[in-house]
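S.K.: Structure below; questions to follow.
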Amino acid sequence: MANESNIEKKKVVFSALKPTGDLTIGNYIGALKNMVEMSKEYDCYYAVADLHSLTVDNVPADLRKRTYDFMAFFIAIGLDPEKSTLFVQSHVPAHSELAWTLNCYTQYGEAKRMTQFKDKSQKAPENVNVGLFAYPTLMAADILLYQADLVPIGKDQKQHLELARTIAERFNNKYSPTFVVPDGMFPKTGAKIYSLLDPTAKMGKTDDNANGTVFLLDDPDTVMRKFKRAVTDSDTVVKFSADKPGISNLLTIYSTFGGVSIAEAEKQFEGVDYATFKTRVGEAVVEYFRPIRKTYSELIADKGYLESIMKAGAEKASRTAYKTIAKVYRKIGLVPPVR
Ligand code: AMP
């Protein structure tokens, strides 16, 4: 008979997305698609990082709506709530609890060196809040609570992950092994997607010009309109090249969502005018997301179901998280609460 200890334990993955803007096709290629792939192999904890989003100014109703939207998209893109732990960060108070504790094991100088803090405080000098400063320790808590082995990250989060590792090692050395020291994982994600109106800038959730960004929530007509207005160049050849950023971006998008290589795409569009090419790229995106949109629409209309997923996810996450909290509190001399 299978004995639990004989079953090889799957590696634990933690990842979270901040609901600071609506999800884009860039998020899909750079993060969401890979989350589905990882869920086939690993024990995945995926959170809507609503607490992290508080470091910037939010319209409360938008934040609330996006939290539901993100959860619905998690499921619509193919994540199975029975297999992966899908939850909302603030529903597991252990995140805030461990973050506070870790603040006390992180030096001011270490947090001050974080380049993201420096960049963000320069970009928004009117709102350099303490939360922005303590962002990396909340992120460390997110990861360490679940004893994550692997954390998929982009280059911009590398320094934060290093800090999480430093804090974990410091704690383990001071007391005794408590935290798994997580490794960054730089997944082979899809290509970087650029704005349709400024193909030298990354397509982002919070771009000033929403016409350059394709959101997962956009209806097919909006998607088509955005692609038809996409910036190209004064040439007439559909070719991937550094001096043709607009056309190259569209080729990348077509290749990703149309399921062909860039070379094949170039061949398909030989002698085809830009207007037709842009229409075809738009159609490929619309078709790719058609089933996802359908499932999303059904889910978002059923808040009760989404809340049941959030509840089950938070309960499952809490079981793991509070085991870690209990260990930490015991080691540092806090009397763990009786739960
Ligand atoms: P953000 O929306 O900037 O918080 O990023 C969340 C995740 O989506 C990160 O893993 C990013 O690397 C990924 N991502 C965001 N925008 C893009 C983009 N335009 N192209 C590729 N990946 C992206």
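Laboratory data are not the source of any read-out in this text; all were calculated from the coordinates shown. Remember, it's a predicted structure, so these values are computed and weren't measured experimentally. Note that we place each Cβ from the backbone using ideal geometry, even for glycine, and neighbour counts take in every protein chain shown.
S.K.: For the chain, list the DSSP H helices whose alpha carbon atoms reach 20 Å or more along the long axis and whose average Kyte-Doolittle value is 0.5 or above?
M.R.: Flagged H segments are 130-145.
S.K.: Also, I was wondering about something else. With charges set only on the Cβ (+1 for Lys and Arg, -1 for Asp and Glu), what does the dipole of the range 206-339 come to about its Cα centre, in debye to the nearest 20?
M.R.: 1260 debye
S.K.: DSSP loop trypsin sites (Lys or Arg not before Pro) in the range 93-152 with at most 14 other Cβ atoms within 10 Å of their Cβ, which ones?
M.R.: R113
S.K.: A follow-up question, please. Find the centroid of the Cα atoms in the range 256-288 and in the range 93-159, then give the distance between the two in whole Å.
M.R.: Computed from Cα coordinates, the inter-centre distance equals 41 Å.
S.K.: Anything over 22 Å Cα to Cα? Flag those among K83/K323; K11/K158; K192/K226; K33/K155; K10/K323; K192/K303, in the order listed.
M.R.: Cα-Cα > 22 Å for K192/K303; rest within.
S.K.: About the Cα centre of the chain, what is the dipole size in debye to 20, counting +1 per Lys and Arg Cβ and -1 per Asp and Glu Cβ, all else neutral?
M.R.: Charge dipole, the chain, about its Cα centre: 960 debye, nearest 20.
S.K.: With a 10 Å radius around each residue's Cβ, average the other Cβ atoms per peptide and rank 276-286, 230-240, highest first.
M.R.: Taking the mean over residues of other Cβ atoms within 10 Å, the ranking is 276-286, 230-240.
S.K.: Can you list the trypsin sites (Lys or Arg not before Pro) in the range 1-103 that are in a DSSP coil and have 12 or fewer other beta carbons within 10 angstrom?
M.R.: Here the trypsin sites (Lys or Arg not before Pro) that fit, given the DSSP loop and packing criteria, are K9, K10, K40, K83.
S.K.: What ranking do M185, M139 get, fewest neighbouring Cβ atoms within 10 angstrom at the top?
M.R.: M185, M139
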